[in-house]
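First the structure, in the form of structure tokens, and then the observations on it.
The values are calculated or read from the model by the stated rules, or taken from the named source; none is laboratory data. Predicted model only: the values in this text are computed from it and were never measured. Positions of Cβ are generated from backbone atoms using ideal geometry, with glycine treated the same way; all protein chains shown enter the neighbour counts. The area values use the complete protein model at the heavy-atom level, side chains included, leaving out ligands, DNA and RNA. Shrake-Rupley method; radii C 1.70, N 1.55, O 1.52, S 1.80 Å.
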Amino acid sequence: MRIHITGASGAGSSTLAIALARQLGWRCLDGDDYFWLRPEPPFEARRAPQERLALLLSDMAEAGDVVLAGSVDGWGRELEDAFDLIVFLRLDTDIRLQRLHAREMQRFGAVDANFLAWAAQYDTGTLEGRSLSRQCEWLAAQSCPVLVIEGDLSVEERMRRVLDRLKIIGPHSQKDSPP
């Protein structure tokens, strides 16, 4: 089974993915680990699209059951059709920006104003990259179920909602079932 958790930066996709993978005993992957190269400073050099796709598909195949955090829209149908469930997290901009500010301070000891400006415009989509309208269009084109979770809910409540949806889907992907 493969679950993808996505949403605006700061909505909690990585936090939920880690908790859910731990609860289920699955592997947790993060799209940022494939999108970005790792030289210092971080989050500046992008990996070539075909390379990141190949790396992620390989790791997903090796992992079996997996929870993937982040955004992979536009990476390719081969990946996008590989999910059994997509969880889309929606959260108020002010809360997201507070979380991002705290995270940046913890990780780097400073906040990148350009990153916060990019994250702040998610709902209006005025800059290149992830935006609400782009993600909604992408979600509408997916072949698997999409669970939308809105609001500043606890990780436990978000996990409960995902686990309830998994009970409906069943233990194995419909793609794995005989015709």
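In nm, give the distance between the simple-model label positions of Thr93 and Arg161, each being 7 Å from the Cα along the Cα-to-Cβ direction.
Going by the 7 Å Cα→Cβ label model, 2.1 nm.
Give, rounded to the nearest 20 debye, the magnitude of the charge dipole that the chain has about its Cα centre when Lys and Arg contribute +1 at Cβ and Asp and Glu contribute -1 at Cβ.
Result for the chain is approximately 260 debye, rounded to the nearest 20.
Name the long-range amide H neighbours of Trp36: under 5 Å, sequence gap of 5 or more, or other chain; modelled H, no Pro or chain starts.
Arg47
Quick check for you: with a 1.4 Å probe and neighbouring chains kept, what is the accessible area per residue of the chain, in Å²? Show your work: numbers first, answer last.
Numbers: 9610 Å² over 179 residues.
Roughly 54 Å² per residue, with all protein chains present.
Each label point is 7 Å from the Cα along the Cα-to-Cβ direction; what then is the distance between the points at Val111 and Arg27, in nm?
Distance between label points: 3.6 nm.
Classify the stretch 20-65 as rounded, prolate or oblate, taking a ≥ b ≥ c as the square roots of the eigenvalues of its Cα gyration tensor: rounded when a/c is under 1.5, otherwise prolate if a/b is larger than b/c and oblate if not.
It comes out oblate by the Cα gyration axes.
Please compute the length gained on full extension between Arg103 and Glu62, using 0.36 nm multiplied by the number of residues separating them and subtracting their Cα-Cα distance.
The span from Arg103 to Glu62 would gain 11.7 nm if fully extended.
Nearest 500 deg cm²/dmol is fine: what mean residue ellipticity at 222 nm does the chain get from its DSSP H runs of n ≥ 4 alone, each adding -39,500 (n - 2.57), divided by its residue count?
-14000 deg cm²/dmol
Using the Cα centre as the reference, give the magnitude of the dipole from point charges on the C-beta atoms of the stretch 70-171 (Lys, Arg: +1; Asp, Glu: -1; all else neutral), rounded to the nearest 20 debye.
Dipole magnitude for the stretch 70-171 comes out near 240 debye.
Using a Förster distance of 22 Å, how high is the FRET efficiency between Ala140 and Glu78, based on the Cβ-Cβ distance and rounded to 0.05?
FRET efficiency, Ala140 to Glu78: 0.70.
Chymotrypsin sites (Phe, Trp or Tyr not before Pro), restricted to the stretch 1-103: which are DSSP loop and have at most 14 other Cβ atoms within 10 Å?
Counting only loop positions with at most 14 other Cβ atoms within 10 Å, the chymotrypsin sites (Phe, Trp or Tyr not before Pro) in the stretch 1-103 are Phe43.
Considering only DSSP beta bridges whose two residues both sit in the chain, what percent are antiparallel, to the nearest 5?
On the way: 1 of 19 bridges.
In the chain, approximately 5 percent of DSSP beta bridges are antiparallel ones.
Report the full-extension gain for the segment Glu51 to Thr124: residue separation times 0.36 nm, less the Cα-Cα distance, to one decimal in nm.
Extending this stretch completely gives an extra 23.3 nm.
Calculated from the structure, Cα extents along the principal axes in Å equals which of (i) 71, 34, 32; (ii) 44, 37, 30; (iii) 51, 35, 30?
The value matching this structure is (iii).
Across every pair of different alpha-carbon atoms, what Kirkwood hydrodynamic radius in Å does the stretch 29-122 reach?
This gives a value of 15.1 Å.
State the percentage of accessible surface on the chain attributable to carbon and sulfur atoms; use a 1.4 Å probe and exclude ligands, DNA and RNA.
Summing carbon and sulfur atoms, their accessible area is 52 percent of the total for the chain.
Counting alpha carbon pairs within less than 8 Å and at least 6 residues apart, what relative contact order, in whole percent, applies to the chain?
The normalised contact order for the chain reaches 29 percent.
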